[in-house]
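The values are calculated or read from the model by the stated rules, or taken from the named source; none is laboratory data. Only a predicted model underlies this, so the values are computations on that prediction, with no experimental measurement involved. All Cβ positions, glycine included, derive from the backbone under ideal geometry; neighbour counts span all protein chains shown. Side chains are part of the model used for accessible areas, which takes the heavy atoms of the whole protein and leaves out ligands, DNA and RNA. Shrake-Rupley method; radii C 1.70, N 1.55, O 1.52, S 1.80 Å.
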Amino acid sequence: AFPARDVAQFIAMARERPGGVTYGSAGAGSAIHLGAALFEHMAQVRMTHVPYRGSAPALNDLLAGQINAVFDNLTSALPFIQAGRLRALAVTGHARSPALPGIPTIAEAGVPGY
């Protein structure tokens with residue numbers, strides 16, 4: 001239900017509401033959380049981190065509309081993306097994923113160097 005359709009819109013919304021955009025991760029200090037923290041720093045946005053004990057509860061809350069976004073492994077999120085239940089905005093790697101070739105990297109989507 002979060003209205004951002006791409007990374008640029010996501011960043012704009014996060015800048016409009018500092019701390020008002022929430023994102024979940026598989027746990028505080030996890031590689032996924034650190035990737036999201038890097039995104040915050042490089043995109044110059046402030047979001048609220050909601051740590052979970054694993055991907056499944058984070059995805060459940062995202063699907064229920066309790067949080068706005070999730071930084072997660074593609075393996076966990078892919079079935080929901082393919083089913084049209086989640087919208088992928090970008091991937092965090094250096095190259096696009098073969099599983100989602102139409103989804104840009106965060107660097108391609110407007111955060112150079114990510």
Cβ-Cβ under 6 Å pairs, at least 6 apart or on other chains, region 44-55 side of a type outside the set (A, V, I, L, M), far side open to solvent by 50 Å² or more (accessible area, probe 1.4 Å): Arg46/Pro18; Pro51/Ala28
message: Would you confirm whether or not region 93-109 contains a residue that is surrounded by 12 or more Cβ atoms within 10 Å (Cβ to Cβ) and in a helix (DSSP H, G or I)?
response: no
message: Quick check on this structure: which one of Gly35, Gly27, Gly65 is open to solvent by less than 50 Å² (accessible area, probe 1.4 Å) and more than 13 Å from the chain's Cα centre (by Cα)?
response: Gly27
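In region 68-86, which residues are open to solvent by less than 50 Å² (accessible area, probe 1.4 Å) and either assigned to a helix (DSSP H, G or I) or free of Cβ contacts under 8 Å to residues at least 40 places away in the same chain (or both)? Spell out the reasoning first.
Keep residues of region 68-86 that are open to solvent by less than 50 Å² (accessible area, probe 1.4 Å), which gives 68-72, 76-78, 81, 86.
Within region 68-86, Ser76, Ala77, Leu78, Ile81, Leu86 qualify.
In the list Ala37, Ala64, Ala28, Ala69, which residue meets the criterion of being at pLDDT 95 or above and more than 18 Å from Ile81 (Cα to Cα)? Give the steps one after another, and end with the answer.
Numbers: Ala64 fails: more than 18 Å from Ile81 (Cα to Cα); Ala28 fails: at pLDDT 95 or above; Ala69 fails: more than 18 Å from Ile81 (Cα to Cα).
Step by step, each of Ala37, Ala64, Ala28, Ala69 is checked, and only Ala37 is at pLDDT 95 or above and more than 18 Å from Ile81 (Cα to Cα).
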